[in-house]
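Just so it is clear, none of the values below were taken in a lab; they were calculated from the coordinates. Please read all numbers here as calculations on a predicted model, not as lab measurements. Cβ placement follows ideal geometry from the backbone for every residue including glycine, while neighbour counts extend to all protein chains displayed.
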Amino acid sequence: MISKQSAKDKIESHVTRFEEQFHSYKNSEYNETLTRRDTGKAKSLPRHCPLLTFSKVIANQLIFKLVPRYSYTPGNLYQDGKKRSMLRLLRPQSIVPRTALCLPASMRSATFTHFIAGPLCEMGKPRNKSSILKNDMRLLMIAIALLWSCSCQLNDSAQKLFRENVQRTGVYLSQPIHHEPTLVWKFVSQGSVEASPIISENAVFFGSMDSCFYYIVARTGTPLWKFRTEGFVISSACVYKHIVYFGSRDSAVYALDVATGSLIWRFKTGNEINSSPMAAQGNLYIGSMDSCLYALDLMTGRMRWRFKCGGGVFSSPAITGSAIFFGSIDGNVYALDAETGSERWRFRTNGAIYSSPAIERDVLCIGSEDMHLYAIDARSGREMWKFETRAIVFSSPAIADGTVYVGSLDSTIYAIDFSSGREKWRFRTSDWGVNSSPAIVRNALYIGSKDSFLYALDNRTGIVLWKFKTGDWVFSSPSVVEGILFCGSADGSVYALR
């Protein structure tokens, strides 16, 4: 498995090859001469012109930025379980349908799709003189229009949030820490840190049960500002553009300026907030213990809609496509239309749900108080399989490489086959239970435990790579960025390990 950046490098190598072909065609039989009527001068223009190459680059960059369901392996990519050639990305037939699906609904007309498909599908085919500049200009206009129309989707994927992405899979693109870690720094707050640290550029954002929300410099652990709320903060933050969002047990959702910590807006719900927010489609989605999931305007905090369920919403919402998913204390998993808040389906478990959903290939995994981990078809709400542990599954699952990883209050970390629901391995910590959610970095798994340790396991075998002792139990879920692991502890500290 290689990173998205490596896959992009591979595409760029193909683009370079196109440019080399352009230079070789300059003096070949493929050159066509166009006469500019306004000056009477002749201009030589090859079929493989830089404008065409540029448009191809734009289209391919859109594919990488907009379609999150690709997994990259050397020379190939896998989409929805089917093998696709890496070279096929450069073919217009594979660009058109995937790109069109990412457009806003208002732009998905047959006319617009035909307008895209027409010039794209003519790439590489013989063209007459009059069509060369016309089609290339159309292609450039299409590329610019696509970049503009998809800007919301591109920015949504750039946010930093709990479980790393909007599908909440818990997979981090970083260097793993296989060796015994060294402490880079430790920052001590005045209360237990149950929230997960969120890292954006050189900043670490987290809340504490001292009722404060902090901005810490990631490299040094130096605090730059803190913001005081009127309740404990166990909600993990979401950083989008220049704003950081989080909830508090004072029942409010806060939006702060990243640079200064000043309040931009505040929205009051009917009860405490434990859920972690997510930005998508111009909305901020977050649950409250007043039994509602809210969609708020990102810039103003104005409520767009709210959905009332039968119990508090501790779970943090996940999104894929046009649907948003979350669990409730009433024991149901809900699927809503992300734009309107209308219910699509609900799935009933036999216990309260504190776990947050993780979604991979239209399969949603979530834990329940009934001691089970469920796999549910995200399109229909149908149960695919369930896995039984020996205690409440409070932890939120991670999904990577065909395996689901989750902790349980039976003090065990489980690895479960994504397709069948069969156990692959288990690892038992000391007694007290595992509330923390796993973070996956390549072939390593990182998770905290109530026995006060942070564990690093080989995610293929469950063998311990190392463990690090904090001063109290670890409810917080680790975040791993650029080879540094950040995690909170009930001792009031946030640790940075390398």
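Side notes on the structure shown:
- In the stretch 313-329, the residues that are under 15 Å from Cys292 (Cβ atoms), crowded, with 23+ Cβ neighbours inside 10 Å and either of a type outside the set (Ser, Thr, Tyr) or within 18 Å of the chain's Cα centre (by Cα) (or both): Val313, Phe314, Ser315, Ser316, Pro317, Ile324, Phe326, Gly327
Yes/no per residue for (1) of a type in the set (A, V, I, L, M, F, W, C); (2) surrounded by 23 or more Cβ atoms within 10 Å (Cβ to Cβ); (3) within 23 Å of Asp458 (Cβ to Cβ); (4) in contact (Cβ under 8 Å) with a residue 24 or more places away in the chain:
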| position | (1), (2), (3), (4) |
| --- | --- |
| Gly381 | no, no, no, yes |
| Ser420 | no, no, yes, yes |
| Phe427 | yes, no, yes, yes |
| Ser437 | no, yes, yes, yes |
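- Test for Ser235: is it assigned to a loop (DSSP other than H, G, I, E, B), among the hydroxyl-bearing types (Ser, Thr, Tyr) and touching a Cys at 6+ places or on another chain (Cβ under 8 Å): no
- For Gly191, the criteria (1) within 15 Å of Ala496 (Cα to Cα); (2) surrounded by fewer than 18 Cβ atoms within 10 Å (Cβ to Cβ) hold in every case but one, which is (1).
- Counted residues, the stretch 270-297 - those being buried (at least 24 other Cβ atoms within 10 Å of the Cβ) and either β-branched (Val, Ile, Thr) or part of a loop (DSSP other than H, G, I, E, B) (or both): 7
- Among all positions in the stretch 240-262, there is at least one residue which is charged (D, E, K, R) and in contact with a helix residue (DSSP H, G or I) (Cβ under 9 Å, 6 or more places away or on another chain).
- Residues in the stretch 458-479 that are touching a residue at least 40 places away in the same chain (Cβ under 8 Å) and farther than 11 Å from Ser196 by Cβ: Asn459, Gly462, Leu465, Trp466, Phe468, Asp472, Trp473.
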